[in-house]
Structures are given as structure tokens and as C-alpha cells.
Amino acid sequence: MSSPLNEQIAELISEIRKAEEERDRHLKRMEGLLLLADISEEFRQKNRFEFIKLDDLTRKVDFLRQKLISLELLMLDNSIKSLQSTTGQVDGSVKSLQSTADQTLRSSVGLERSTKILIFATLLLAVIAVLTMSLDLYRANPVLGGLGILGSFVVIILGFRRLFPILRKNP
């Protein structure tokens with residue numbers, strides 16, 4: 001079972017540091033032996049194994065760095081895929097939330113319509129009560145009772161004029 005990318009990257013960084021330290025130690029030793037000084041080709045040929053080892057160590061560091069870059073690119077790719085997945089989930093949640101908001105708005109509009117109808121019905125009952133009292137009052141005082149009856153009819157007619165547009169609207 002392979003370790004997660006973060007652990008692999010951490011291990012590789014540690015390996016690169018060790019390889020760089022080994023290369024730097026070898027380089028310092030070569031400088032101490034004056035192998036890097038401007039010397040003859042013959043001297044270089046005698047100590048060619050030291051130069052080969054330095055090249056090998058440099059190649060090893062380069063190889064490890066390339067491997068690190070590959071792992072980091074893989075990790076970046078995985079992060080992008082994860083982000084795309086999360087974005088898709090957020091998009092789905094937003095759509096669901098929009099649907100819920102639309103349903104709530106429709107319910108709210110229906111509730112508002114029902115409330116207006118109930119208020120009108122309550123006012124209508126109040127006007128009918130005034131009309132009934134006005135009919136009783138008409139026997140005792142015809143002018144006052146007549147005004148009450150006429151006013152009740154006017155209020156009922158105006159109320160129905162306002163109610164009909166509400167009833168025509170679809171919830």
C-alpha cells in the first residue's frame with residue numbers, strides 16, 4: 001500500500017536534502033584536494049572517478065527533483081479534481097436551495113392570497129352585521145337606518161371590486 005502523496009513528497013524532500021548534502025560534501029572534498037582548480041588535463045584524468053562521482057551525485061539530485069515535481073503535479077491535479085467535485089456539489093446545493101426558495105415563494109404568495117381573502121371575509125361579515133343592525137335601526141329611525149343600509153351596500157360593492165382581482169390570480 002503506497003503512502004499518501006503528502007508523505008511521499010515529504011520523504012522525497014528529505015531524500016533530496018541528503019543527496020544535496022552528500023554532493024556538497026564531495027564538492028568540498030574535491031576543492032580541498034584542488035581537483036577543481038585550473039589544472040592540467042592529465043591531473044583530471046588521474047582523478048576522473050572523483051569527477052564522475054560528482055556528476056553522478058548531481059544527476060541523482062536532478063532525478064529526485066524531477067520526481068518531486070511529478071509528485072507535486074500529481075497532487076495539484078488531484079486538488080483540482082477535488083475542487084471540481086466540490087464545485088459540482090456546491091452547484092447542486094445551490095440549485096436545490098433555489099428550488100426550495102421558489103417553493104417557499106409560491107407558498108408565501110398563496111398564503112398572502114388566502115390571508116387577503118380571509119380579511120375580506122371578516123370585513124364582509126362585519127359589514128353584514130352593520131347591515132343587519134341598520135335594518136333593525138330602519139324601523140326606529142328610517143334616515144339613519146337607510147344611510148347604514150346604503151353605506152353597507154357601497155362597502156360590499158367596493159370590497160367585491162377589490163376581491164375579484166385577487167381571486168382571478170393563480171396561486
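Data overview
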| item | result |
| --- | --- |
| Failed item in (1) at pLDDT 85 or above; (2) surrounded by 14 or more Cβ atoms within 10 Å (Cβ to Cβ), with Gly159 passing the rest | (1) |
| Test: residue in region 22-31 that is of a type outside the set (Lys, Arg), surrounded by 13 or more Cβ atoms within 10 Å (Cβ to Cβ) and under 52 Å from the mean Cα position of the chain (by Cα) | yes |
| Considering residues of region 46-78 that are more than 48 Å from the chain's Cα centre (by Cα) and of a type in the set (D, E, K, R) only, the residue modelled with the lowest pLDDT | Lys46 |
| Residue that is surrounded by 11 or more Cβ atoms within 10 Å (Cβ to Cβ), of a type in the set (A, V, I, L, M, F, W, C), more than 30 Å from Lys18 (Cα to Cα) and without any contact (Cβ under 8 Å) to a residue 40 or more places away in the chain, where the choices are Leu135, Leu105, Leu97 | Leu135 |
| Cross-chain or 6+ apart pairs with Cβ under 7 Å, region 118-131 first and without any contact (Cβ under 8 Å) to a residue 40 or more places away in the chain and farther than 16 Å from Arg161 by Cα, then aliphatic (A, V, I, L, M) and surrounded by 11 or more Cβ atoms within 10 Å (Cβ to Cβ) | Leu131/Ile149 |
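The values are calculated or read from the model by the stated rules, or taken from the named source; none is laboratory data. In this text, all values refer to a predicted model and were calculated from it rather than measured experimentally. Glycine gets a Cβ as well: all are built from the backbone with ideal geometry, and neighbour counts include every protein chain shown.
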